[in-house]
Amino acid sequence: MSRKRAGGTLRGCLLSYFKQMNVPIRAMKPIKPDLMLVQTEKGKTLVAKRFKGEKSLLRQMEFLTLLRESGFHNSYVFSESFPPFEYGAKSIGFLSYIPPHEQSFTYRNQRERAEGLVLLKKMHAASIRISHRLRYLPDLPYNQVSKWKERLAEFKRNETILRPFLPEKVYQGYASMGKWALRELKGQEIGEGEEPVIIHGDLAHHNFLRREDGKLFLIDFDLMARAPAIVDDLQYANRLLVYNGYSLKNILSMRPFRDYAVSREFLIGLGYPTDIYREWNRIFRDNLWTDRRRMRVMHEYTLNDYQERLRFFKKIKHAVDN
């Protein structure tokens, strides 16, 4: 890790860094608040990423290096030419640039949903082989049930704020789904007793990146953790529901999920409306009420899908009860 650089904007710190490295820069383009695309005069393209801190950066550098050694090559690599540096309380690392395909990965397409799941399971399998070699990933117990309790509690705390946006019946319906799931789990942790893998933790569609040649990559491991694979599997399955018409049959027909047809905890987890809580809680937490587009989409999504979601929940409940 090179010396600390404090103050100034991310762009300014990067310009200062490359000037000291004697590397002329052709262009810089922000991708996200914590991501900057950098092109050097010699035609080198890379991505500068701002990490939460040095441990977060080192954790991902170590993990992705070992992952490649174990045979998983479907992610970015860290640059060997440009060492990371500290920026205020955060750290900046440089990633290989993956030129994107003209069509982004989407959960709307069944073929791509299946492809993404196969890639995720491939990453899980590779992570088992290197898990014991990870020095920067703490061996803290991962508690999905606690996270679900916190997410539901936050959703309930904001009931008064939500009343102008959602009918009482709809709000209570979503809240009752979460309460049911937690009650049925009876305090038992998801995947208890299973051999842990390294989970990705944030399986939004934009964290699957298709390269220009068609190869699919998994990116952004900020929420990686040591946990049972079912934690990632449930998150992936939950994200697909809105795109497959809330079809349990469709979920269980996917090859890696077939064994879950007799898994009570997997079915219960599907009944927990994690997406509804996650997105509304984000609006509360980040004060996004003035984002009219986000509010309109979230309002329509929550209301328009409610009856379909309720029918799906009843199927889940029936399967668990029987």
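The values are calculated or read from the model by the stated rules, or taken from the named source; none is laboratory data. Predicted, not measured: the structure shown is a model, and the values here were computed from it. Every residue, glycine among them, receives a Cβ derived from its backbone with ideal geometry; neighbour counts consider all protein chains shown. Accessible surface is based on the protein model in full, side chains and every heavy atom, while ligands, DNA and RNA are left aside. Shrake-Rupley method; radii C 1.70, N 1.55, O 1.52, S 1.80 Å.
Structure notes:
- Entry note, region 195-282: relative contact order of 26 percent, from Cα contacts under 8 Å with a spacing of 6+ residues.
- Reported to the nearest whole Å, the Cα centre-to-centre distance from region 17-39 to region 64-101 is 15.
- Set of region 181-213 residues, backbone N closer than 19 Å to the point 7 Å along the Cα-Cβ line of residue 278: 181-182, 190-191, 197-210
- At R0 = 22 Å, FRET efficiency that the Cβ-Cβ distance of residue 310 and residue 150 yields, to 0.05: 0.35
- Taking amide H as placed 1.01 Å from N in the peptide plane, residue 217 has its amide H under 5 Å from the amide H of 209, 210, 211, each at least 5 places away in sequence or on another chain.
- Dimensionless Rg ratio for region 1-98, taking C-alpha atoms and the 2.2 N^0.38 Å reference: 1.05
- Normalising the average separation of contacting C-alpha pairs (under 8 angstrom, six or more residues apart) by the number of residues puts the relative contact order of region 70-177 at 20 percent.
- Cα-based shape type of region 192-322, given that a ≥ b ≥ c are square roots of the gyration tensor eigenvalues and the cut on a/c is 1.5: oblate
- Overall dimensions of region 80-200, expressed as equivalent-ellipsoid semi-axes from the Cα gyration tensor (√(5λ), whole Å, largest first), are 35, 23, 21.
- Using alpha carbons only: equivalent-ellipsoid semi-axes of region 31-148, gyration tensor based, whole Å: 25, 22, 16
- Förster-model FRET efficiency, 30 Å R0, residue 318 and residue 291, C-beta, rounded to 0.05: 0.20
- Residue-normalised accessible area of region 93-234, expressed per residue, 1.4 Å probe, Å²: 50
- Coupling constants for region 70-75 follow from the phi torsions by the Karplus curve (6.51 cos²θ - 1.76 cosθ + 1.60, θ = phi - 60°), and in residue order they are 8, x, 9, 10, 9, 8 Hz; glycine and proline get x.
- A Förster radius of 45 Å, combined with the Cβ-Cβ distance separating residue 22 from residue 262, puts the computed FRET efficiency at roughly 0.15.
- Neighbour cut-off at most 11 other Cβ (10 Å), DSSP loop, GluC sites (Glu not before Pro), region 1-97: 41, 80
- With the helix formula -39500 (n - 2.57) applied to DSSP H stretches of n ≥ 4, the chain reaches a computed 222 nm mean residue ellipticity of -15000 deg cm²/dmol.
- Calculated log₁₀ intensity ratio I(q)/I(0) where the Debye formula runs over C-alpha points of the chain, q = 0.10, 0.12, 0.13 Å⁻¹: -0.67, -0.95, -1.09
- Semi-axis lengths, Å, region 200-244, gyration tensor of Cα atoms, sqrt of 5 times eigenvalues: 20, 15, 8
- With every protein chain in place, the chain: carbon and sulfur % of accessible area (1.4 Å): 50
- Inter-site label distance for residue 143 and residue 202 at 7 Å from Cα along Cβ, in nm: 2.3
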